[in-house]
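First up is the structure itself, then whatever we jot down about it.
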Amino acid sequence: MKRTIALAALAVSSLSFAPALIQAQTPAAPLPGATGSAAAITPTGSSQIAIIAFEVAVSRTNEFQLKLADLQKKWGPRQQQLKTAGDDLDNQTKQLQAQADKLSETERATRTKALEDKRKELQRSFEDARNQYQQDMQGALAGVQEKFFDVMREYVEKNGYTLVLNISPQNSPVMYSIDSTDITAPVVTAYNVKSGVPAPPQPAASAPAAPRPATPKPAPKQ
């Protein structure tokens, strides 16, 4: 029976370490060549090929960043609720394991079964919330992608490109390119200008850590 309880404890504990429903939003690193205006990149030589990290570019637009912030506000409380429930269930299992020797065989089996049922229900709730969050995320992406494609097409036609390759997928056929062919940053800038959506406010920077005293250097050997 102790083995049964230990297995239940292991299963419940895994909920506490399940992947977060919402990834923490961090400021996106600046794209190569990003500027304050939608400056055109003129193709060099006879090249008319451009590359773009399409999905990455869409996710870095001001419009999508604001949608992402709204999703985090919507799903943050649910994520915290599931985490609290998982922590509580984990604590109940540890308590049962500590009291196992003092309980009858029947009571141990009954309480273990009850915790296992709760674990399964919580797991289903977590999966349902995760699936719904992913659907909301895909909806937010789709709403920006179509408009972003139109801006990209206008930029490409204006600058004389005839072929654009998406380098976002891991299996992208592009093995090498020069910086002047990457139109990711200027198209993102062009989209932000056309949409008129301001950049979301950045989180306040934390106070810098106090400087640590320098480690004294060892005295030279005589």
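Here are the numbers for this structure:
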{"item": "Cut-off 14 Å between beta-carbons: net charge of the residues surrounding P201, Lys and Arg +1, Asp and Glu -1", "result": "0"}
{"item": "Charge context of D88, other residues only, Cβ under 12 angstrom, K/R +1, D/E -1", "result": "+2"}
{"item": "Long-range HN-HN contacts of D182 with modeled amide H, under 5 Å", "result": "I51"}
{"item": "Full-stretch length increase - D70, A85 - with 0.36 nm per residue and alpha-carbon distance subtracted", "result": "3.0 nm"}
{"item": "Under-5 Å amide H pairs with S168, H placed in peptide plane, nonlocal only", "result": "F54, E55"}
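A short reminder: the numbers here are calculations on the coordinates, not readings from a lab. Computed from a predicted structure; not experimentally measured. Virtual Cβ from ideal backbone geometry, glycine too; neighbours counted across all protein chains shown.
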